[in-house]
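Structure, as structure tokens:
The values are calculated or read from the model by the stated rules, or taken from the named source; none is laboratory data. Values in this document were obtained by computation on a predicted structure and should not be read as measured data. Cβ: placed from backbone, ideal geometry, glycine included. Neighbour counts: every protein chain shown. Side chains are part of the model used for accessible areas, which takes the heavy atoms of the whole protein and leaves out ligands, DNA and RNA. Shrake-Rupley method; radii C 1.70, N 1.55, O 1.52, S 1.80 Å.
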Amino acid sequence: MRIGELAARAGTTTRALRYYESRGLLPARRDANGHRSYDERDLTLLRQIRTLRDFGFDLEETRPFVDCLRAGHPEGDSCPASLAVYRRKLDELDALIGELGAVRAHLAGQLARAERARDELATEALVPGGPEPGCELGGHEG
């Protein structure tokens, strides 16, 4: 098949295919007329790349999976190098989840502190002579 058909079947652009070719992820075969020529194996490679990219893998991280498929394995993730990439990606995700958990805990603490401060001001406002309730964002009118 030609580059346009492969792009359409894979749901990508011909530009992306040429880029993958320049990075050595797709073969650069040419027919007798000099046109790029692809087959079903190339579609399988491209689908593997696109799936991994959709899951947040950078392009270079897809290489072991492509190499595994090119070596004749039915699945791109059945080779040791692919498994190592999975492990590294899981470690990265675990670290990000930890960081997000810390940010969330900090933000929850800030919200609880702000709500307590608001409640204290509201209680003081009910006392004769207490402060007028106000909002920092709206400014103070006087």
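Here are the numbers for the structure shown:
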read-out: Whole-Hz ³J(HN,Hα) from phi, Karplus 6.51 cos²θ - 1.76 cosθ + 1.60, for the range 85-98, glycine and proline x; value: 5, 4, 4, 4, 5, 5, 4, 4, 5, 4, 5, 5, 4, x
read-out: The chain - Kirkwood radius from inverse mean 1/r over Cα pairs (Å); value: 19.9
read-out: Mean Cβ count within 10 Å, highest first, over the residues of peptides 58-67, 44-53; value: 44-53, 58-67
read-out: Average accessible surface area per residue within the chain, 1.4 Å rolling probe, Å²; value: 70
read-out: Accessible area of the chain belonging to carbon and sulfur atoms, whole % at 1.4 Å probe; value: 56
read-out: Unit charges on C-beta of K, R, D, E only; dipole of the range 1-44, Debye; value: 180
read-out: Dipole of the chain, positive direction: furthest Cα of Leu25, Ala117, Ala81, with charges on the beta-carbon; value: Leu25
read-out: Equivalent ellipsoid, the range 73-131 (semi-axes from 5 times Cα gyration tensor eigenvalues, Å); value: 54, 8, 4
read-out: Principal axis dimensions, the range 54-105 - Cα atoms, whole angstrom, descending; value: 47, 17, 14
